[in-house]
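Data first, discussion second: the structure below is written as structure tokens.
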Amino acid sequence: MLLFKVLPVFLLASVALAKEEDVLELTDADFDQKLAEHDTALVMFYAPWCGHCKRLKPEYAKAAEDLLANDPPVVLVKVDCTEGGKETCNKNSVSGYPTLKIFRNGEVSQDYNGPREASGIVKYMKAQVGPASKEIKSWEELEKFLSNQKESSIIGFFEKESDLKGAFLQLANKLREKMQFAHSTFKDVLEKQGVKDGVFIFRASHLKNKFEPETVEYKGAAESAELNDFITNNFHGLVGVRKSDNQRDFKNPLVTVYYGVDYVKNPKGTNYWRNRVLKVAKEFEGKLNFAIASNAEFTHELNEFGIEGADAEKPRVAAKDAADKKYVLRDEFSVDNLLAFVNDFLEGSLEPYIKSEPIPETQEGSVITAVAKNFDEVVTNNGKDTLIEFYAPWCGHCKKLAPAYEELAEKLKDEDVAIVKMDATANDVTGPFDVRGFPTIYWAPKDQKDKPVRYEGGREVNDFLQYIAKEATNELKGWDRSGKPKSGDKTEL
């Protein structure tokens with residue numbers, strides 16, 4: 001098994017806070033000359049007053065520090081489009097801020113469309129240089145490679161050409177923007193690792209712990225699909241570090257512990273809590289997934305669990321089951337409390353957390369107001385065809401729709417149809433309703449509430465009436481299937 005060496009003092013010093021000096025600032029006077037000196041560079045064209053630029057700058061500086069240590073290095077550059085870089089920005093067709101472009105040997109290669117946080121920038125740019133898998137020629141080179149990694153690495157050891165090597169290189173090319181791959185065919189490296197044809201996941205040095213091995217060997221068939229599954233299932237280990245750029249890697253059921261996760265400023269404190277989570281995770285290995293996450297980075301997610309103003313010093317715990325239902329540990333964090341929480345979570349004895357406004361004491365107007373706590377009553381189990389609008393109070397389109405929606409509800413108040421609205425920013429949206437913008441409107445037939453249909457028609461009263469008249473389970477009393485008023489009905493379309 002590979003043992004990681006203690007990092008030299010000069011390398012430990014480089015783990016300090018990222019500095020702006022790591023980002024090369026260029027102007028019209030030196031842009032072309034300086035940029036041509038670097039094989040690969042990422043350039044940020046910015047304006048000092050731009051809010052998005054201000055938010056990006058610290059992440060950009062952190063990424064610059066890591067990428068300068070990469071082999072080969074990637075230089076991060078910034079150009080002020082309002083001062084010394086006006087001509088350069090115009091020449092590169094910069095029309096908004098920040099604009100990021102990748103340059104190779106001084107020439108524009110492509111627009112940068114990758115992540116905007118440090119770890120994501122690093123992954124994306126590392127994938128732009130060199131081969132998908134770095135060739136390792138000595139044991140010392142392998143140790144150096146591993147010491148520079150912020151996450152797990154996938155290393156292949158191959159004495160000769162083989163099906164496993166082919167599958168490994170194919171997968172490395174596919175996943176190069178997400179993970180770091182390296183391989184060796186050199187005899188001394190293979191002998192020291194004790195393998196002639198194998199693939200291993202190596203944990204990053206700061207994530208080593210006594211609850212799981214530092215390396216995990218692949219034992220499956222020489223197929224890229226099976227190797228991919230192995231990497232997916234083992235890459236983050238028992239307790240992964242969940243971040244905005246990798247959160248989709250963590251599948252439900254998932255228990256996440258939120259606190260001041262920071263492996264740059266406070267690695268010792270970060271691992272103090274992670275080791276306690278690991279102790280519990282080991283008890284449930286293979287039954288569900290565990291992760292730690294920065295409470296600062298996931299403030300919005302914490303709010304979705306009803307956790308506000310989380311203290312970085314005190315971990316908070318939340319979980320989601322396979323059905324995406326949410327659960328929260330209300331007791332103070334401890335190994336025993338986390339253990340009990342996970343046991344109850346798996347047994348299904350916990351009450352799910354539902355973000356909901358209070359149930360309205362009275363329903364005013366003809367539009368029925370739904371909240372998460374009464375959603376089943378007023379939508380799912382109301383025994384009526386239902387048109388439901390998911391809105392946001394600040395949404396201009398929703399405000400514009402409101403008078404027509406209220407008029408529609410008034411016209412249909414004697415029909416077997418419910419016109420419902422719900423504030424999707426203050427209430428959990430559950431079931432088959434997929435809300436990604438506002439307003440989102442669904443038609444849910446009374447006998448098929450599990451298969452609602454997104455309404456994509458016009459938003460005038462007549463548009464809604466014609467749609468509902470056609471789609472209603474039972475023909476409306478006041479309108480025929482074409483949406484025309486029936487004889488004796490004085491309602492005008």
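The values are calculated or read from the model by the stated rules, or taken from the named source; none is laboratory data. These numbers were taken from a predicted model, which means no experiment stands behind them. Cβ atoms come from the backbone with ideal geometry, glycine included; neighbour counts cover every protein chain shown. These accessible areas exclude ligands, DNA and RNA; they are computed on the full protein's heavy atoms, side chains included. Shrake-Rupley method; radii C 1.70, N 1.55, O 1.52, S 1.80 Å.
For the pair K137 and E304, label points projected 7 Å from Cα toward Cβ lie 4.8 nm apart. Applying 1/(1 + (r/R0)^6) with R0 = 35 Å to the Cβ-Cβ distance of R454 and D249 gives a FRET efficiency near 0.75. Model label sites at K484 and K192, defined 7 Å from Cα along the beta-carbon direction, differ in position by 8.7 nm.
Given the Cα-Cα distance of K86 and E347 and 0.36 nm per residue of separation, how much length would full extension add, in nm?
Working: separation 261, 0.36 × 261 = 93.96 nm, distance 6.27 nm.
Value of the extension gain: 87.7 nm.
If R0 is 56 Å, the Cβ-Cβ spacing of Q33 and K178 corresponds to a FRET efficiency of close to 0.95.
Extension gain for E25 to T232 (0.36 nm times residue separation, less C-alpha to C-alpha distance): 70.7 nm.
In the chain, taking the dipole from charged Cβ atoms about the Cα centre, the farthest positive-side position among I354, N148, G106 is held by N148.
With 22 Å as the limit, write out which pairs from K134/K196; K54/K320; K150/K174 have Cα-Cα distances beyond it, or answer none.
Details: K134/K196 18 Å; K54/K320 34 Å; K150/K174 20 Å.
The pairs that break the limit, which is 22 Å between Cα atoms, are K54/K320.
With 10 Å bins beginning at zero, the pair-distance distribution over Cα atoms of the range 290-351 amounts to 20, 57, 23, 0 %. Based only on the alpha carbon positions, what is the Kirkwood hydrodynamic radius of the range 253-301, in angstrom? Taking every pair of different Cα atoms in the range 253-301, averaging 1/r and inverting gives 11.4 Å.
Between the alpha-carbon centres of the range 34-99 and the range 161-200 there is a gap of 34 Å. Roughly to the nearest percent, how much of the accessible area of the chain is carbon and sulfur, given a 1.4 Å probe? After summing per-atom areas, the C and S share lands at 47 percent.
Starting from one equal scatterer on each C-alpha and no solvent at all, send me the Debye-based log10 I(q)/I(0) for the range 369-446 at q = 0.16, 0.24, 0.27 Å⁻¹, two decimals. Scattering profile of the range 369-446, log10 relative to I(0): -0.55, -1.23, -1.45.
When both bridge partners sit in the chain, DSSP labels roughly 50% of those beta bridges antiparallel. A simple spin-label model places the labels of D434 and K400 2.5 nm from each other, with each point 7 Å out along Cα-to-Cβ. Against the longest alpha carbon principal axis of the chain, how many degrees, from 0 to 90 and to the nearest 10, is the axis of helix 51-68 turned? It works out to around 30 degrees.
Treating r as the C-beta distance of E107 and A296 and R0 as 51 Å, the FRET efficiency rounds to 0.85.
Over all pairs of different C-alpha atoms in the chain, the reciprocal of the mean inverse distance, the Kirkwood hydrodynamic radius, equals 26.7 Å. Within the shell of other residues whose beta carbon sits under 9 angstrom from the beta carbon of I292, the net charge comes to +2, with Lys and Arg scored +1 and Asp and Glu -1. By how many degrees, between 0 and 90 and to the nearest 10, does the Cα long axis of helix 396-411 differ from the longest principal axis of the chain? Taking Cα atoms only, the helix is inclined about 30 degrees. Think of a 1.4 Å ball rolled over the protein heavy atoms: the range 376-423 then has 47 Å² of accessible area per residue. When shorter helices are ignored and each DSSP H run of at least 4 residues is given -39500 (n - 2.57), the per-residue value for the chain at 222 nm works out to -9000 deg cm²/dmol.
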